[in-house]
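Below you'll find the structure, written out as structure tokens, and then a few comments.
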Amino acid sequence: MEFSSYISVQWIYYLLTGLYALSVFSVIVVILSENRSPVKSLAWITVLLVVPLVGLILYFFFGRSIQKKRIISRRNQRKLKKNETSGFRPDYKKAGLSPTSIRQIKLGQALAAATYYEGNDVVFFNNGKDKFDALIDDINNARHYILVEYYIIDEDETGRKFRDALVAAAKRGVKVRLIYDHVGSFSASRKFWKSLREAGIEVYPFFRVAFPSLGTRINWRNHRKIVVIDGEKGYIGGMNIADRYLKDDWRDLHLRLEGPAVSALQYNFAVDWNFMGQPLIEEQGKPRIFNKETPVGIQMVTSGPTGYWPNLSMMFQKAISNALRRVYVMTPYFLPDESLLKTLQTAALSHVDVRILIPQKPDSVIMRHASFSYISECLSAGIKIYLYEKGMMHSKALIIDDDIVSLGSTNFDFRSFEHNFEANLFIYDKEFNAKMVEEFREACANSTRVNPSEWHNRPLKSRMIESVVRLMAPVL
């Protein structure tokens with residue numbers, strides 16, 4: 001009896017071991033079949049072979065690809081795009097665009113079917129109070145509809161004030177639709193969302209994380225921050241809805257937009273709304289066209305893990321590689337992939353003025369170590385690094401020469417370029433560019449420039465921690 005029991009246990013052990021080995025082998029086959037970059041494929045295969053159980057868990061949550069998943073049908077996409085661009089034909093010559101800007105615009109069109117719009121008015125905010133006050137005022141004056149999409153909506157004083165404004169708008173007959181990221185807004189209670197729904201607001205979480213879909217959703221977050229009001233006014237940038245964005249020691253950037261480019265914000269919200277399983281948005285505003293001597297030209301480019309190309313990464317690479325005078329980067333987290341790092345280094349070695357501004361103390365210790373691990377390679381190429389000292393610098397912007405600025409939700413890191421759903425405006429205007437250069441230099445005045453010799457002689461412990469944390473950069 002004991003012998004037969006031993007044999008049974010042995011067979012069960014062999015069976016489970018075989019199934020486990022088959023699972024690891026199957027995952028390796030999947031990784032190879034996806035034809036990813038050799039570095040990534042080898043990294044995942046190494047983890048699976050060295051620590052199989054840990055590797056399987058990590059791959060389940062962070063390694064899988066949803067690139068082939070369609071976010072919207074081609075038919076619905078064509079219908080929305082037709083509504084977006086109805087009656088609008090860009091004139092590059094009239095806008096006085098440089099050949100470099102035109103090539104940048106054409107890349108955005110090829111990657112994301114991103115229309116270039118001229119005749120816009122843009123106001124940027126570098127603090128949460130001014131942005132939030134303007135947003136609440138526009139919500140209070142909304143007449144027809146409001147579209148809202150945020151990564152974070154906290155249930156704090158700011159979140160409740162925002163909710164109350166939306167509820168008041170809904171009660172006076174304004175149609176309100178809201179998308180929030182389920183992970184980013186996880187701290188808000190069910191009661192908070194229920195109060196919005198009870199007011200007649202349509203509220204949906206993006207990629208709701210729950211069993212059994214946990215592993216297929218948790219790694220891909222909607223990081224966009226978009227508001228459209230009556231199809232006439234739009235907001236986009238890096239600020240979420242939470243108290244911390246209104247603090248004096250939190251520096252950030254956001255845009256208020258009027259003009260035909262608002263149609264691009266509405267189009268991209270409508271795509272995400274349809275992805276939620278909701279019907280196409282039929283309302284269409286009539287944005288005002290601003291007839292200035294040099295109308296602000298705007299192109300909205302989005303990216304996400306379902307796309308064939310890494311849209312924003314490629315747009316950044318193109319802009320940086322074409323720079324002749326300067327490249328200024330503002331980002332809370334600096335974790336560039338190999339191609340972007342080489343592009344920045346190439347620009348600096350070509351005597352382009354490349355400057356990168358990051359916070360001295362970001363809101364994540366791990367991200368601080370990971371970001372700092374890239375500084376030595378930047379300094380060796382002549383890139384100037386500035387560490388912001390007056391609190392959290394959450395601004396996300398790329399400034400190229402005198403005529404191109406990109407601003408939106410995208411951090412300069414792996415997660416934004418590969419795993420998150422992001423949205424940025426590319427603004428082709430010398431006047432706006434000059435304002436952003438001034439903003440960058442003002443932030444640098446409150447920063448410390450990294451001294452190469454001092455940096456290379458920092459404690460060994462710091463360098464070791466940074467090197468270890470850097471290994472996790474692709475999933476941070």
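Miscellaneous remarks
- Here the spin labels are modelled as points 7 Å beyond Cα on the Cα-Cβ line, and at Asp363 and Lys247 they lie 0.9 nm apart.
- Multiplying the residue separation of Asp133 and Glu283 by 0.36 nm and removing their Cα-Cα distance gives an extension gain of 51.4 nm.
- Solvent exposure of segment 386-476, expressed per residue, is 40 Å² of accessible area, with all protein chains present and a 1.4 angstrom probe.
- Label-point gap, in nm, between Ile102 and Arg325 - each point 7 angstrom along Cα→Cβ: 2.1 nm
- With all protein chains in place and ligands, DNA and RNA left out, the 1.4 Å accessible area ranks Arg78, Arg251, Arg190 as Arg190, Arg78, Arg251, largest first.
- For segment 300-391, the share of accessible area belonging to carbon and sulfur comes to 54 percent (1.4 Å probe, ligands and nucleic acids excluded).
- Using Cβ point charges alone (K and R +1, D and E -1), the dipole size of segment 111-161 about the Cα centre works out to roughly 100 debye.
- Cleavage-rule hits (chymotrypsin sites (Phe, Trp or Tyr not before Pro)) in segment 287-378: DSSP loop, at most 12 neighbouring Cβ within 10 angstrom: Tyr308
- Within segment 264-407, percent of DSSP bridges classed antiparallel, to nearest 5: 45 percent
- Extending 7 Å from Cα along the Cβ direction at Ala113 and again at Phe186 yields two label points whose distance is 3.4 nm.
- Restricting segment 222-289 to GluC sites (Glu not before Pro) in coil, as DSSP defines it, with at most 13 other Cβ within 10 Å: Glu282
- Summed over the residues of segment 257-369 and divided among them, the accessible surface reaches 39 Å² per residue at a probe radius of 1.4 Å.
- Fully extending the segment from Glu431 to Glu377, taken as 0.36 nm per residue of separation minus the present Cα-Cα distance, adds 16.1 nm.
- Per residue solvent-accessible surface (Å²) - segment 122-183, probe of 1.4 Å: 38 Å²
- For Glu438 and Tyr308, a Förster radius of 45 Å and the Cβ-Cβ distance give a FRET efficiency of 0.75, rounded to the nearest 0.05.
- With every protein chain in place, segment 392-433: carbon and sulfur % of accessible area (1.4 Å): 51 percent
The values are calculated or read from the model by the stated rules, or taken from the named source; none is laboratory data. Please read these numbers as outputs of a predicted model, since none were measured by experiment. Note: ideal-geometry Cβ built from the backbone for every residue, glycine included; neighbour counts use all protein chains shown. Keep in mind that these areas ignore ligands, DNA and RNA; they rest on the heavy atoms of the full protein, side chains included. Shrake-Rupley method; radii C 1.70, N 1.55, O 1.52, S 1.80 Å.
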